[in-house]
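Asks: Have a look at this one.
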Ligand code: MN
C-alpha cells in the first residue's frame with residue numbers, strides 16, 4: 001500500500017466513475033482517461049452514479065453538476081453518505097463561472113472541480129492531482 005511501490009497500481013488500472021449526461025462530454029472525457037490508462041465506468045444520471053459507486057468502489061468520481069432530475073450537488077451529498085466512499089475524491093465538472101457555485105460543490109462534499117469545457121491538454125494532470133491527493137489509507141479503517 002506504499003506509494004513508493006507502485007507496481008500494484010500499474011497492473012490494476014484505476015477505475016474512474018464518470019457521471020455525465022452529455023454524450024459529447026462523456027465521449028471526450030472517456031477517451032482522454034482511457035488513453036491515459038484509466039478504466040472508465042459511465043453513468044448518465046445521478047441515481048445510476050450513486051448505485052454504481054457503491055458497487056464498484058471507484059478510485060475517483062468525476063461528477064457533472066448539471067444533471068437532469070438530481071443535480072450534482074445532491075449526488076455529491078448522497079455519495080458522501082456512504083461511509084465506504086468517504087475517502088474517494090469527487091471532482092465536480094462545472095461550467096458555472098461564479099465563485100459561489102464552486103464553493104457549493106465543496107460544501108456538497110466534492111474534493112474540487114474542473115471547469116467545462118474540458119481542456120484535453122490539462123484534463124489528465126488535473127485528474128491525477130486529485131488521485132494523488134487521496135488519503136494514503138492504512139489505519140483509518142475500522
Ligand atoms: Mn450535464
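Asks: Which of the peptides 60-67, 29-36 is most tightly packed, and how do the rest follow, judged by the mean count of other Cβ atoms within 10 Å per residue?
Replies: 60-67, 29-36
Asks: So what are the three principal axis dimensions of the range 7-132 from its Cα atoms, in whole Å, longest to shortest?
Replies: Sorted largest first, the three principal extents are 40, 33, 25 Å.
Asks: If packing is taken as the mean number of other Cβ atoms within 10 Å per residue, what is the order of 126-133, 15-22, highest first?
Replies: Going from most to least packed, we get 15-22, 126-133.
Asks: Rank by packing, highest mean first: peptides 48-57, 115-124, 71-80, with packing defined as the count of other Cβ atoms within 10 Å averaged across residues.
Replies: Averaged packing, sorted descending, gives the order 71-80, 48-57, 115-124.
Asks: If r is the Cβ-Cβ distance from residue 28 to residue 87 and R0 is 25 Å, what FRET efficiency results, to the nearest 0.05?
Replies: In this case the efficiency is close to 0.35.
Asks: If the chain between residue 106 and residue 119 were fully stretched, how many nm would it gain, using 0.36 nm times the residue separation less the Cα-Cα distance?
Replies: Extending this stretch completely gives an extra 2.5 nm.
Asks: Could I ask something else about it? Among 70, 12, which comes first, second and so on when ranked by fewest other beta-carbon atoms within 10 Å?
Replies: Exposure proxy ranking, most exposed first: 12, 70.
Asks: Quote the FRET efficiency, to the nearest 0.05, computed for residue 131 versus residue 55 with a Förster distance R0 of 25 Å and r equal to the Cβ-Cβ distance.
Replies: Computed FRET efficiency for residue 131 and residue 55 comes out at 0.80.
Only the coordinates and a few stated rules stand behind these numbers; no lab work does. Quick caveat: nothing in here was measured; it's all calculated off a predicted structure. No Cβ is skipped: glycine too gets one built from the backbone with ideal geometry, and neighbour counts run over all protein chains shown.
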